[in-house]
Each structure stands twice: as structure tokens, then as C-alpha cells.
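Below is one structure, written out as C-alpha cells; comments come after it.
The values are calculated or read from the model by the stated rules, or taken from the named source; none is laboratory data. What you are looking at is a predicted structure, and each value in this text was computed from that prediction instead of being measured. Glycine gets a Cβ as well: all are built from the backbone with ideal geometry, and neighbour counts include every protein chain shown.
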Amino acid sequence: MYDALIILDIQNDYFPGGSMELAGAEAAGRAAAGMLTRFRQAGRPVVHIRHESVRAGATFFLPGTPGAEIHHLVTPQPGEAVLTKRFPNAFRDTGLRDLLRGLGAERLAMCGMMTHMCVDASVRAAFDLDYACGLAADACATRDLEYAGRVVAAADVQAAYLAALGAVFATVVPALELAPL
């Protein structure tokens, strides 16, 4: 059972028509929406994290653009925390740790996008800060990557990162198994 839900970067640019479309974004967004509903119904805290890209040459999550907005499937409600980050790690320069301390949260249910980048960095950081983490495998999405002239399919990227995170850093299970307290 989990104290709080952390939703990482489920933003418009990752969905069809966005500037950085991910494989399976719609299905992952729906699974995250189900988690959000369950945490709200249980009266448990929800923290929305949104990324804004301010580095030179950024092509998505540009401040002030529709693509940088949180996707309608997981729209924050009044009273839910929304933190903006500029780095993959959701704890870096955001106040997330202080917020979680104030909530008394020690067990985090997490979901979001991109699995190989911000989800990975944030789950590992949470582990390093002594949080117990549950990661909803079906409420995360990623994309094809390329290395050494070889395309690595999104499904393989997803499987590799979830396997690595599940080995040490988090309990990786379907969204329905991450219940609020």
C-alpha cells in the first residue's frame, strides 16, 4: 500500500501529434488515469510533475506551449501539487522531497513518461532517498532508441528499463496492483 502517487511528465508532447510521441502513450495514460482515480477516491496525496525544457535546442516541452501541458487524462484537480522540473530527476531543484516529507509519505506509487529517462532517473533518486517505490509498468511509456547504428524497439527499451528498476529500485507491477493506503 502506498502513501502518495507521483505522476511523472504525462504531457501532451508525448501523445499522438505531439513533438516527441511515445509508443503506447495512450494506453499508459489510461492506466495512470485509473491510478489517479483510485488515489483520489482513497483521499491520498497526488503529486503531478511536469517537465519544461529550457536548454538550447530543445524541441519539446517548450515553456508556454500546449505540448508542455499535462495531458487531459491526468489533469490535476485543485489542491493537488504540481511541480515543474527542468532535469530528468523529479527531485532535483523541485522541492519534491520537502513536499513528501510534509505529507508524511514514505511509500510512493509512481508512473509516467519516458521510462528510459525521467521515470528511470526519478525512481532511482527516490530509492536513494530511502523511499519505498512501486512503479506501474503499464502506466509508463517510452520510444525507440538508437545505438551504434541499431534501432532498439520501444518494447525492448521498456522491458530493459523496467527489468533494471525492478531488480533493486522498485516493485514493478501493473497499475492495478499499486493500491493507496
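Below is a table of values for the structure above.
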quantity: Filter result (surrounded by 15 or more Cβ atoms within 10 Å (Cβ to Cβ) and either over 18 Å from residue 124 (Cβ atoms) or without any contact (Cβ under 8 Å) to a residue 12 or more places away in the chain (or both)) within the range 93-102; calculated: 99
quantity: Failed item, numbered, when residue 44 is tested on (1) in contact with a strand residue (DSSP E or B) (Cβ under 9 Å, 6 or more places away or on another chain); (2) within 19 Å of residue 141 (Cβ to Cβ); calculated: (2)
quantity: Neighbours by Cβ (under 7 Å, 6+ apart or cross-chain): first from the range 39-64, over 20 Å from residue 102 (Cα atoms); second of a type in the set (S, T, N, Q) and in a loop (DSSP other than H, G, I, E, B); calculated: 59/19; 60/19; 60/53; 61/53; 62/53
quantity: Failed criterion for residue 57 (all others in (1) out of contact with any strand residue (DSSP E or B) (no Cβ under 6 Å at 6 or more places or on another chain); (2) modelled with pLDDT of 95 or more hold); calculated: (2)
quantity: Qualifying residue in the range 93-112 (condition: under 14 Å from the mean Cα position of the chain (by Cα), within 25 Å of residue 30 (Cα to Cα), in a loop (DSSP other than H, G, I, E, B) and at pLDDT 95 or above); calculated: no
quantity: Spans of strands (runs of 3 or more DSSP E) in the range 129-172 with at least 2 residues of a type outside the set (Val, Ile, Thr) and over 13 Å from residue 114 (Cβ atoms); calculated: 132-141, 145-147
quantity: Selected residue (criterion: nearest to residue 153 (Cα to Cα)) from residues of the range 17-36 that are assigned to a helix (DSSP H, G or I) and not small (Gly, Ala, Ser); calculated: 26
quantity: Hits in the range 108-153 (condition: among the basic types (Lys, Arg) and farther than 19 Å from residue 23 by Cα); calculated: 124
quantity: Residue, nearest to the chain's Cα centre (by Cα), within the range 46-74, restricted to residues that are in a loop (DSSP other than H, G, I, E, B) and small (Gly, Ala, Ser); calculated: 53
quantity: Candidates 105, 23, 27, 90, filtered to the one that is touching a residue at least 40 places away in the same chain (Cβ under 8 Å), of a type outside the set (D, E, K, R), loosely packed, with under 14 Cβ neighbours inside 10 Å and in contact with a strand residue (DSSP E or B) (Cβ under 9 Å, 6 or more places away or on another chain); calculated: 27
quantity: Filter result (of a type outside the set (A, V, I, L, M, F, W, C) and assigned to a strand (DSSP E or B)) within the range 1-16; calculated: 2, 11
